[in-house]
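Notes to accompany the following structure.
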Ligand code: SF4
Ligand code: SF4
């Protein structure tokens, strides 16, 4: 359960995927947050809940949400931009959280701050160190774009010095603010598939040699690998404060959500929704990738795609 408890944020990152037209501008009320956490709780299954925003630590009732999630038996992660508002570290104990995850898009302020904002590198790494010193399990998320892929290898010594347990490498998507950029800007930030394959697996292997777990998207399927859409074979719920519930993150810029929360009940929507796309079987793999970013797919002279694109929710973990 990816629970966006608000869409507001103190930062304005260039690749932010929050789209307030589609996801609302409200903040969940305290009771509403509690009810929605209980709505998705299932004691028969192991379930992860990830508290997101916007910036979730800006929500005054985040700690209450964590307590409710603990009572419900969730594995709990909070994804933060590193600002840790409302004295977050002073108000939570190590046993209330399984992971505190920080976002950083460069190994130094020169690379990170033009993407995430001035002064963000210092604040984020400073608070990450404090969290590690207090015994929290921490992870770090790096969103790869053409603006920072050449600096990914320099994360290896930084990760070693910070003491994070898990390193998540993400690929920039065409959602939210990236999707609203002009066509030239979109192409400018996207990563060339060949460059991704040259850089990312190698850096991931080097980080893992430090004893740090690394998780990165599969992106391209090998010839004999089976394609599966998470919308058909997994249970993921991307919940927004306006009540929309998606199963596929690539659909979040469109009003095609599968469910809506109405009066604290999860209501399946009728008509055209993302579920209609999950059943389509195409040679290119992921249907939403083909619709949103067809330029990422190349073809041979028979019209057969060179690679099938995997579901964006399929990850390599080393
Ligand atoms: S990417 Fe995250 S930290 Fe950056 S502006 Fe968006 S919500 Fe805030
Ligand atoms: S990213 Fe593609 S394959 Fe994955 S859930 Fe969405 S439509 Fe399905």
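The values are calculated or read from the model by the stated rules, or taken from the named source; none is laboratory data. Keep in mind that this is a model prediction, so the values were computed, not measured. So basically every Cβ, Gly included, is an ideal-geometry build from the backbone, and we count neighbours across all protein chains shown.
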*Please indicate, with yes or no, whether at least one residue in region 18-29 is free of Cβ contacts under 8 Å to residues at least 24 places away in the same chain, more than 16 Å from ligand 2 (Cβ to nearest atom) and touching a strand residue (DSSP E or B) at 6+ places or on another chain (Cβ under 9 Å).*
yes
_Output for region 240-250, where each listed residue is out of contact with any strand residue (DSSP E or B) (no Cβ under 7 Å at 6 or more places or on another chain) and at pLDDT 95 or above_ = 242, 247, 248
*State which residue is nearest to residue 41 (Cα to Cα) when the search covers only region 243-302 and only residues that are in contact with a helix residue (DSSP H, G or I) (Cβ under 7 Å, 6 or more places away or on another chain) and within 16 Å of ligand 1 (Cβ to nearest atom).*
252
*Residues of region 208-231 being at negative phi and either within 16 Å of ligand 1 (Cβ to nearest atom) or under 20 Å from the mean Cα position of the chain (by Cα) (or both), which ones?*
212, 213, 214, 215, 216, 217, 218, 220, 228, 229, 230, 231
*Residues in region 97-115: is at least one loosely packed, with under 15 Cβ neighbours inside 10 Å and under 24 Å from residue 218 (Cα atoms)?*
no
*What residue, of 309, 318, is away from ligand 2 (no atom under 11 Å from the Cβ) and either touching a helix residue (DSSP H, G or I) at 6+ places or on another chain (Cβ under 6 Å) or in contact (Cβ under 8 Å) with a residue 24 or more places away in the chain (or both)?*
318
*Kindly indicate which of 239, 207, 245 is more than 10 Å from ligand 2 (Cβ to nearest atom) and over 30 Å from residue 39 (Cβ atoms).*
207
